[in-house]
1. Sticking with the crude label model, points 7 Å out along Cα→Cβ, report the distance from A230 to T303 in nm, one decimal please.
2. Can you tell me the accessible area per residue over the stretch 270-421, all protein chains present, probe 1.4 angstrom, in square angstrom?
3. Please find the FRET efficiency linking N32 to R215, where r is the Cβ-Cβ separation and R0 is fixed at 30 Å, and quote it to the nearest 0.05.
4. Using the basic label-point model (7 angstrom from Cα toward the beta carbon), what is the L118 to K66 distance in nanometres?
5. Expressed in nm to one decimal, what extension gain is obtained for the pair E446 and N412 from 0.36 nm per residue of sequence separation less their Cα-Cα distance?
6. Treating the beta-carbon of each Lys and Arg as +1 and of each Asp and Glu as -1, no other charges, what is the dipole magnitude of the chain about its Cα centre, to the nearest 20 debye?
7. At 0.36 nm per residue, and after removing the present C-alpha to C-alpha distance, how many nm does the segment from A202 to M348 gain when stretched out fully?
8. Probe of 1.4 angstrom, ligands and nucleic acids ignored: what's the accessible area per residue over the stretch 123-173, in square angstrom?
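The values are calculated or read from the model by the stated rules, or taken from the named source; none is laboratory data. Remember, predicted model here, so these are calculated numbers, not experimental data. Positions of Cβ are generated from backbone atoms using ideal geometry, with glycine treated the same way; all protein chains shown enter the neighbour counts. Heavy atoms of the whole protein, side chains included, go into the accessibility calculation; ligands, DNA and RNA do not. Shrake-Rupley method; radii C 1.70, N 1.55, O 1.52, S 1.80 Å.
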Amino acid sequence: MADTRIEKDSLGNKEVPQQAYWGIQSQRAIENFPISGLKAHPKFIDSFVMVKKAAALANKEVGLLKPEIADAIAKAADEILAGKLRDQFVVDVFQMGAGTSFNMNVNEVLANRAIEHLGGKKGDYTLCNPNDHPNMAQSTNDAFPTSMRVCIRLLLEELIPVLKDLEHALAAKGKEFDSILKSGRTHLQDAVPIRLGQEFTAYSIAIRKCTERIRAVSQLIEELGIGGSAVGTGLNTHPKYRVILVDYLKNWTKIPFRCAEDMREAMQSNFPVAATAATLKLLATELSRICNDFRLMCSGPLTGFAEIVLPAVQPGSSIMPGKVNPSMAEMLNMVCFQVIGNELTVSMAAQAGQLELNVMMPVMAFNMNFSIEILKNAVREFTNRCVKGIVANADQCKHYAEISPSLATALNPYIGYARAAEVVKKALKEKKSIPQVVREDKLLTEDQIRTVLDPKPLTEPGLPGK
């Protein structure tokens, strides 16, 4: 048997590996774009194949595609969705504009497998033609952005429960640590007392708000421009085709996808993708901020804050025995930096649209899929391997709360800001506590000192001692 077969397109003939389910246009892409070695996200393959299957069944329903060809395409699609032929999607994520290379890769794999189901051999495009049958009533210009949105929405559906788990884990620590007093810090300087549980509860609320924004923006992604074909006018499509196609996607995914209000706008603008990228960036900034706090609070163990202890997941140094690092927080920090950088790429690509089409969609799809995937995985491991195992150093927290000169803030209603500032200066100069100085200078009675300078009441609204 020959190792290759000859295929022909509008540019001429080319050899394609005999065993390959991809065809000549995918082969050209392999040769033209050996850029990164990175291939499409598995969920993106699923999404594209689902769109092609829905298109075949919709075209069958409206009488434009022969039932036997439509059924063969659908059968091939089901095989791929079940995990077969995954190595046949060979186009680099950095490819020709709009994603034509990948669209044709999908069309060719579906066509060649459908040909086998129809009793033929790969490359016999008289039975099923990549352009005429899997691509019927489509263009890359509507198939790629539709598949991109379906993929992003499916990935968000996986991310949201992971974020909810983090929110709940932080909230649980908020309750567990609610009785632990510590010194607050502003500008990285001592501030009035706060409870460790209050800090963790605030973290959980921040994650909840981020999750709510992701849920909201996901609704934008559910609007699909399929049926627009080349420029959003719907040329070569049946009037009922796009509605039937979207209904299939809704039923299969249980996500309320809907037809775009205006197919031209859906093709020209990638606002929903850019908005989702921006929301992920905001999530990343919050996550990174929380990681920074964890790393500060666990610093030490003897020369730092040492207010909390993070689970030890692996040795922290190749040279310093016994060293343990905040590894999971460091990992999540790096993931957040990557997501923030990816957002800039998506924003630049979104503004690069011209007239009826944005040809920068492949880099948008790659960065969006990458961002959601690494956020999902990183947050999951951060929650399970870090947050759930955090232990508070209650004695250290209490010590800082009691020696902090910011306790003097509670004196303001009694002796005034200026006199309280003098108390702080003396306490720092003479290395004494605030209660000691107040007692020595006879600024308050003993009962007042116990009441006014008790750190716990300072962590709630009110005027201590009044």
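1. Using points 7 Å along Cα→Cβ, the separation is 7.0 nm.
2. Value returned for the stretch 270-421: 46 Å² of accessible area per residue.
3. Calculated value: 0.15.
4. So the label points at L118 and K66 sit 0.6 nm apart.
5. So the chain would gain 10.5 nm between E446 and N412.
6. With Lys and Arg at +1 and Asp and Glu at -1, about 1000 debye.
7. Contour length minus Cα-Cα distance gives 49.2 nm.
8. Here the per-residue accessible area is 28 Å².
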